[in-house]
Amino acid sequence: MVICQERDGYRSIIDSYESEVTISSGGQSDTQLRQNLEDVISSLRRHNSTLETDVERMSNEVIEHKTRIILVIIWSVYCIASALLV
């Protein structure tokens, strides 16, 4: 969901950039405009890749924390049960 929102944000940035470049590029050739847009897209792809890596890392951290919490709960139940049996 976060990635979809990021993607939609990037699309609006590109649309905004394209309209600004079109308005301000009176004498700019199509080749230059295309190159500028390709540079923006490349930059956005690199940023998206970084975000996907961050999401994956955070997901792994969440799984690790959940595992630790479960182990603490199991250990607590074990300790309480042991205390009750004594």
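Screening VAL55 against (1) loosely packed, with under 10 Cβ neighbours inside 10 Å; (2) modelled with pLDDT of 80 or more leaves a single unmet condition, (1). Given LEU33, LEU44, which one is assigned to a helix (DSSP H, G or I) and at pLDDT below 90? Criteria check complete, one pass: LEU33. ASP30 falls short on exactly one of the conditions (1) surrounded by 10 or more Cβ atoms within 10 Å (Cβ to Cβ); (2) farther than 15 Å from ARG7 by Cβ, and that condition is (1).
The values are calculated or read from the model by the stated rules, or taken from the named source; none is laboratory data. Because the structure is predicted, anything quoted here is derived from the model rather than measured. So basically every Cβ, Gly included, is an ideal-geometry build from the backbone, and we count neighbours across all protein chains shown.
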